[in-house]
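Asks: So that we are looking at the same thing, I have put the structure below in structure tokens.
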Amino acid sequence: MLSSVLLSAQCGGRYVWEIFSDVDRTSDILYGSNLDYEGNAIDLYVDFFEPSGDTLAARPLVILAHGGFFISGDRTAADIVGICEGLARRGYACASLQYRLGVGLDEIDSAGFAKAVVRGVQDAKAAVRFFRAQSETYGVDTGQIFLGGTSAGGVLAVHYAYLQDTLLSEPWINALIDELGGLEGNSGTPGYPTHIRGAVSYAGAFKNLNWMGPKAVPLASTHGTEDDVVPYGYGMVTYVLVPGILELPITPMYGSAAIHPELDARGIDNEFLSFEGAGHVPHLQPGSYGLDPVIFPQTIQWTAEFFHRQLDCYDATAGSTPIAATPTPLSAWPVPADQTVWLSGLPEQGSLQLTLVDASGRTMRQWGQPGQANLVVERGDLPSGLYWLQVQTEAGKPYRAVVSFY
């Protein structure tokens, strides 16, 4: 059986491929309030995304936080909205989170930004509590809530997942958390639990690996190897005002390439998608904040597959071929109408089963062939657009690639 068929069948055709054509968005939902860094009371909002026409009463919920160095940005960020819409078309419910921003001019240092992270974690916990309290209104499965974010939002998500104030040894961070009211905070909807099923970090980081508690949740991360803002491994988080001229070092942190070996050592389910040569937030185009036409849809698909693996309906032993935890990516590039796609690096032994799926989740082609080092995908009469190619080996290892015909 082909891996794409397996993945879809395990949760009734949801959560991996796009099965809904439209998404409903409800904006400006008030989920809480709290004092900002200057002591002013502010209201906190989310935008909610769900599959249009969905009849399922309880869907997994993904809450995503925008980037902006805890200084700027909001819940309408193009990448966060795009990921929410992409996940909703796959059957998830999704929320774009607005959290408190701001760092005082006298606090542009490690402690000041630590306060911003804690305030963000408090707000995210309030959002989780809100959706648990309003689960029937928004059709949320309270046992399957995920959290993620981009850049600062990724830092927020990782600290939400792994920071536990009762286990910290450094007096300064304990005092800071106590000063702000504890990690649970008081941003809204008290009395509901704030545990999550898993997290995703797009170019995020964690302050101290020794702060990770024993109840760590699964984590997926993406990161560019040449990130000059949030370190790829261990290094300095840098606020870049003018590249190469005005760059403000903030605090050392552990980036994705340092976090995931620690999770491996702890036996915690995780995936790390590293982008060689890419800068800060690979799914955004450098300098423009536009969405990368290949990396961005790849990121959404990869995120959906990781969260799918954490769901109650997922069964890794379904069929005869379990899905590998870390698929091997293949290279892909835009292909003109009169050319074919050549993919290399495939196993030469055994048989291959292949599936080509379009952006709406429809299977366009399915075929099998003997193993060979190079694979040719003929375009034929396929219309222009983005496709996902899955190659299932006889040994059960899936390869995946993005193919764009134009």
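Asks: Just one of the numbered conditions (1) at pLDDT 95 or above; (2) within 16 Å of ILE268 (Cα to Cα) is not true of GLY191; which one?
Replies: (2)
Asks: For region 210-225, does any single residue satisfy the condition of being among the hydrophobic types (A, V, I, L, M, F, W, C), assigned by TED's automatic domain parsing to the domain that holds PHE306, modelled with pLDDT of 95 or more and not in a loop (DSSP other than H, G, I, E, B)?
Replies: Looking through region 210-225, at least one residue is among the hydrophobic types (A, V, I, L, M, F, W, C), assigned by TED's automatic domain parsing to the domain that holds PHE306, modelled with pLDDT of 95 or more and not in a loop (DSSP other than H, G, I, E, B).
Asks: Within region 98-134, restricting attention to residues that are buried (at least 18 other Cβ atoms within 10 Å of the Cβ) and polar (S, T, N, Q), which residue is farthest from ILE29 (Cα to Cα)?
Replies: So, considering only residues that are buried (at least 18 other Cβ atoms within 10 Å of the Cβ) and polar (S, T, N, Q), the one farthest from ILE29 (Cα to Cα) is GLN122.
Asks: Does VAL103 meet the test of being in contact with a Gly (Cβ under 7 Å, 6 or more places away or on another chain) and assigned by TED's automatic domain parsing to the domain that holds GLY287?
Replies: Taking the combined requirement at face value, the residue satisfies it.
Asks: Which residue, of LEU56, LEU87, is surrounded by 15 or more Cβ atoms within 10 Å (Cβ to Cβ) and either in contact (Cβ under 8 Å) with a residue 24 or more places away in the chain or of a type in the set (Lys, Arg) (or both)?
Replies: LEU87
Asks: Could you please find all residues in region 126-168 being among the hydroxyl-bearing types (Ser, Thr, Tyr) and within 30 Å of ASP227 (Cβ to Cβ)?
Replies: THR150, SER151, TYR160, TYR162
Asks: Here is a follow-up. So GLY277 fits all but one of (1) part of a loop (DSSP other than H, G, I, E, B); (2) surrounded by 16 or more Cβ atoms within 10 Å (Cβ to Cβ); what number is the exception?
Replies: With respect to (1) part of a loop (DSSP other than H, G, I, E, B); (2) surrounded by 16 or more Cβ atoms within 10 Å (Cβ to Cβ), GLY277 is out only on (2).
Asks: Now a separate question. Tally up the residues in region 189-211 that are surrounded by fewer than 21 Cβ atoms within 10 Å (Cβ to Cβ) and either within 15 Å of the chain's Cα centre (by Cα) or of a type outside the set (Val, Ile, Thr) (or both), please.
Replies: Final tally of qualifying residues: 10.
The values are calculated or read from the model by the stated rules, or taken from the named source; none is laboratory data. Here the structure is a predicted model, which means the values were calculated and not measured. Here Cβ is always computed from backbone atoms with ideal geometry, including for glycine, and neighbour counts include all displayed protein chains.
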